[in-house]
Amino acid sequence: MSGRPAGAPRPRGRLPRFLAALRVSAFERNIALALVVAAVLPSAGALWLAGQLADVSVALDPRVVDRLEAMPALYGDLFQARKQLYAEQARAIARGLPRTAEAGPAYLDDALARTPRLRRLTWADRTGAVVAEREAQGPGPDGEWREAPAVVSLPGGGRLEAVFAIEARYFAELNETRELAELVQGLDALRAEIRRSYLRAYAGLLVVWVLLTATLGIALARRTTRRVSDLVLAVQRLAAGDLSVQVDPGRARDEVAGLARAFNAMVREVRESRDRIVYLEKISGWQEVARRLAHEIKNPLTPMKLAFQQLEARWKTAPERDPEFGRLLADVGEIVREEIGTLQRLVDEFSGFAKLPEVRPEPADLVDFVEEFVRTSPQLAEEADLDVAREGGPSPVALDRALMRRVLANLCANAVEAARPARARIHLGVARGPTRALLTVADEGPGVERGLRDRIFDPYFTTKGTGTGLGLAIVKKIVLQHGGEIQAGEREGGGAAFTVSLPVRDAGPGAPDPSPTAGPEGGYNPAP
Amino acid sequence: MRPPVRRLGAARALLLALALGALPAGAAGPGPLPVRLEARAGRLEAALDLSAVVAPGLEKQLGNGLTNVIALYVTVAPAGGGDVVALQGRVIEILFDVWEESYAVTVGDARAPQEIRRSFPDFRALRAFLADQEGIDLGPLAQLPVGPLVVEARVEVNPVSREQLQRTREYIANPVGGRPGGGGARSVLGAVASFLLREPDPGSDVHLLRSRPFERAEVTAR
């Protein structure tokens with residue numbers, strides 16, 4: 001469906017058009033609000049849940065933090081124990097030192113051999129001079145190691161320095177543990193900020209998501225709301241009396257498009273009903289005029305005829321008769337009788353037009369009716385070649401046979417007149433649409449000028465030299481009284497074509513409305 | 001080389017004033033700050049007594065074998081309020097060596113950008129060092145305004161370092177470390193969260209101290 005009702009004023013200029021496109025109706029606002037609420041409420045819940053999740057996922061177990069922070073102290077305890085052990089072992093070795101320096105190396109070698117992790121022993125006297133010094137020859141502990149000295153003061157002066165080995169991996173592990181503990185400590189300190197930043201990030205992404213969702217939703221909803229707004233605008237124009245308003249239903253097959261089509265059908269129906277009423281009222285007025293004219297003309301005709309007959313009778317019985325006057329009287333009498341006859345026929349036509357009988361429709365099949373008309377109109381067959389074509393199945397309609405016969409007779413008479421002096425060829429066609437049956441009367445004459453096609457149904461309008469211009473008016477009135485329509489058109493290949501559409505008798509109320517302006521819907525198209 | 005003391009512009013001073021004012025909720029006003037001020041080669045040097053901050057109870061924390069950081073920001077400002085006229089900062093890292101059973105201290109400030117390393121055998125010596133922060137260069141004495149001034153010190157114990165913050169931001173931006181099969185959505189969320197993770201909260205272990213007012217003329221030359 002297009003963005004506005006057909007015929008609605010379109011804003012001029014790019015900016016006004018852009019602003020008009022941005023204008024949001026109350027309906028659109030409500031739809032958009034509903035979409036935003038639908039998007040925001042779950043998002044708010046998700047945000048709350050994300051907060052809970054962040055609390056769980058970001059929070060560090062305090063026991064883990066505490067144990068990690070305590071790890072260096074544990075290593076400290078380990079080192080203390082080693083130091084105490086080494087000190088005790090060094091004191092034990094010092095207690096067994098020999099009294100003579102000569103026995104020192106052997107004693108130190110023995111101590112090195114029996115003391116695990118002992119790598120070097122240095123015995124110094126009170127002056128600091130080395131008495132004996134021995135170093136372990138065997139391999140050290142597995143992996144890298146570093147020295148752990150333990151110094152023991154000797155009772156008589158001097159000192160014993162024992163250098164033990166301690167695994168270097170302890171220090172590497174201590175450093176790793178310390179770095180890890182510091183990292184966890186930092187994370188713990190940043191926990192609130194991390195949680196806050198995650199929540200903000202999540203909220204930001206949610207806002208973007210909601211905006212995208214709402215924008216997409218509004219865009220999608222607008223396809224419907226705009227059509228509803230157009231319908232509202234069209235209804236307002238209809239209420240203001242604009243019966244030409246139509247709404248483009250577009251290519252959609254949803255309820256709104258159906259509503260637009262129904263609206264268009266309703267407006268067309270209202271417009272046709274109005275036109276029908278206007279035309280019938282106009283015809284009624286003209287019928288009254290015709291009745292008065294017929295009355296006024298008819299009244300003096302009889303006295304005029306009687307007076308002239310008396311004049312002729314007196315002339316015939318006159319004793320002396322002037323031959324010249326006799327010839328003059330004969331000529332005048334012929335003229336008077338002819339003119340009175342013409343007036344009499346005019347009066348008859350006016351009277352016939354004024355006294356059109358009321359339509360009394362009865363069920364009939366349009367095809368049978370047309371074929372019967374052709375069969376029972378021998379005088380027409382003498383003046384024209386007729387053919388009948390039918391499309392579709394039976395065309396049940398309700399019609400007044402006598403009056404509809406008059407319709408056909410008038411239309412055929414016009415075709416005969418139009419073809420003179422040649423012999424007329426008349427194509428009669430019947431077609432069945434969903435709700436309308438179409439009767440077409442086409443000829444191969446000069447046709448009806450496009451500009452005159454609406455006026456030829458007006459009373460007293462004629463393009464012929466003779467005639468009262470009442471024939472097509474009578475035809476249209478009869479058709480309208482049948483609930484039908486008549487249109488003057490053009491036959492393919494040349495000639496005039498009059499299409500009478502009558503409602504099909506068994507068409508249900510829910511049947512789709514035919515489009516009278518769209519031409520003969522599934523209708524008969526007279527062959528050239 | 002003379003220590004680069006920054007003369008603060010109005011905007012920076014305002015930011016610093018805001019930072020100094022960002023005390024933890026519920027904190028009382030600044031505590032007293034005993035300070036010795038001396039002029040050395042025309043520059044103002046301060047020696048702060050931070051014994052109120054470096055309490056004996058800190059021994060357990062500073063001796064836990066982890067790296068502890070004490071950040072010290074010292075300013076000079078008019079006693080009646082106004083823009084800060086001088087600012088100096090010092091960062092002290094303390095690591096208790098559980099093998100050596102001593103405190104290894106690294107001091108970095110504008111005067112010693114390459115950092116100074118010291119070692120203290122026990123907490124007593126360490127506390128004495130921390131409590132008496134000397135040689136804080138507060139810029140040319142002559143540029144101090146006339147009128148009563150105060151020295152303010154902001155001491156933060158174990159603030160979140162910029163390095164730690166950056167490491168954390170990198171981690172949450174890419175927690176899988178580029179391993180195959182890492183979730184894209186998690187990376188997007190983490191990237192945004194990393195972007196939003198900016199200045200950390202200074203924490204609760206923040207102390208603000210303020211000296212008694214002094215005049216420029218009171219500062220004696222050394």
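Each reported figure results from applying straightforward, stated rules to the coordinates on display, with no laboratory input. This is a predicted model, so every value here is computed, not measured. Methodologically, a virtual Cβ is constructed for each residue, glycine included, from the backbone with ideal geometry; neighbour enumeration extends over all protein chains shown.
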Fill in: Inter-label distance for A:Q344 and B:A39, nm, one decimal - labels placed 7 Å from Cα along Cα-to-Cβ
15.0 nm
Worksheet item: How large is ³J(HN,Hα), in whole Hz, for each residue of the stretch B:158-168 in order, when computed from phi with the Karplus curve 6.51 cos²θ - 1.76 cosθ + 1.60 and θ = phi - 60°, using x for Gly and Pro?
Response: 6, x, 6, 7, 5, 5, 5, 4, 5, 4, 5
Worksheet entry | Global size of the stretch A:122-181 as Cα Rg and Dmax, reported in angstrom | 16.2, 49
Discussion item. Residues of the stretch A:142-156 with backbone nitrogen within less than 11 Å of a virtual label 7 Å along the Cα-to-Cβ line of A:A87, please, listed as ranges.
Written reply: A:150-152
Worksheet item: Which FRET efficiency value, to the nearest 0.05, is calculated for A:E334 and A:S273 with the Förster distance at 56 angstrom and r the Cβ-Cβ distance?
Response: 0.60
Worksheet item: Once the Cβ-Cβ distance between A:L74 and A:L220 is put in as r, and R0 is 60 Å, what FRET efficiency do you end up with, to the nearest 0.05?
Response: 0.40
Worksheet item: Taking a point 7 angstrom from the Cα of B:A104 along the C-beta vector, which residues in the stretch A:170-204 have backbone N less than 17 Å away?
Response: A:170-183
Practice prompt. Specify the inter-centroid distance of the stretch A:401-454 and the stretch A:212-235, based on alpha-carbon positions, in whole Å.
Written response: 48 Å
Worksheet entry | Ratio of Rg to Rh over the stretch A:355-425 (Cα coordinates, Kirkwood Rh, two decimals) | 1.01
Worksheet item: Taking θ as phi - 60°, what are the ³J(HN,Hα) couplings along the stretch B:208-217 by the Karplus curve (6.51, -1.76, 1.60), each to the nearest whole Hz, with x for Gly and Pro?
Response: 10, 10, 9, 7, 6, x, 9, 9, 4, 5
Worksheet item: Under a plain spin-label model, where a point goes 7 Å from the Cα along Cα-to-Cβ, how far apart in nm are A:A409 and A:Q246?
Response: 3.8 nm
Discussion item. At R0 = 45 Å, how high is the FRET efficiency between A:R327 and A:A381 if r is their beta carbon distance? Nearest 0.05 is fine.
Written reply: 0.55
Worksheet, complete the sentence: Most exposed to least, judged by fewest other Cβ atoms within 10 Å, A:D458, A:D110 sort to A:D110, A:D458
Practice prompt. Just rank B:R169, A:R63, fewest to most, by other beta-carbon atoms within 10 angstrom.
Written response: A:R63, B:R169
Worksheet, complete the sentence: Counting every C-alpha pair in the stretch A:101-211, the percent lying more than 21 Å apart is 61 percent
Discussion item. With the cut-off at 1.5 for a/c, could you classify the stretch A:255-354 from its C-alpha gyration tensor as rounded, prolate or oblate?
Written reply: prolate
Practice prompt. Taking every Cα atom in the protein assembly as shown, find the radius of gyration and the maximum pairwise distance Dmax, and write them in Å.
Written response: 59.2, 213
Worksheet item: Cβ under 12 Å from B:P32's Cβ, B:P32 left aside: what net charge do those residues give with Lys, Arg +1 and Asp, Glu -1?
Response: 0
Discussion item. I want to check the label-to-label distance for A:L212 and B:A47. Put each point 7 Å from Cα in the C-beta direction and report it in nm to one decimal.
Written reply: 6.5 nm
Discussion item. At a 10 Å Cβ-Cβ cut-off, how would you order B:F214, A:F350, fewest neighbours first?
Written reply: B:F214, A:F350
Worksheet item: How long is the gain from A:T317 to A:L280 if the chain were fully straight, where each residue apart is worth 0.36 nm and the alpha carbon distance is subtracted?
Response: 7.8 nm
Discussion item. Can you list the DSSP H helices in chain A whose Cα atoms extend at least 24 Å along the helix axis and whose mean Kyte-Doolittle hydropathy is -0.5 or higher?
Written reply: A:26-58, A:62-95, A:168-189, A:191-239, A:255-317, A:323-354, A:401-419
Discussion item. I'd like the GluC sites (Glu not before Pro) in the stretch A:274-373 restricted to DSSP loop residues with at most 10 other Cβ atoms within 10 Å, sorted by number.
Written reply: A:E320, A:E358
Worksheet item: For the stretch A:390-429, what number results from the quotient of the Cα radius of gyration and 2.2 N^0.38 Å?
Response: 1.45
Worksheet item: If the chain between A:E492 and A:R95 were fully stretched, how many nm would it gain, using 0.36 nm times the residue separation less the Cα-Cα distance?
Response: 129.0 nm
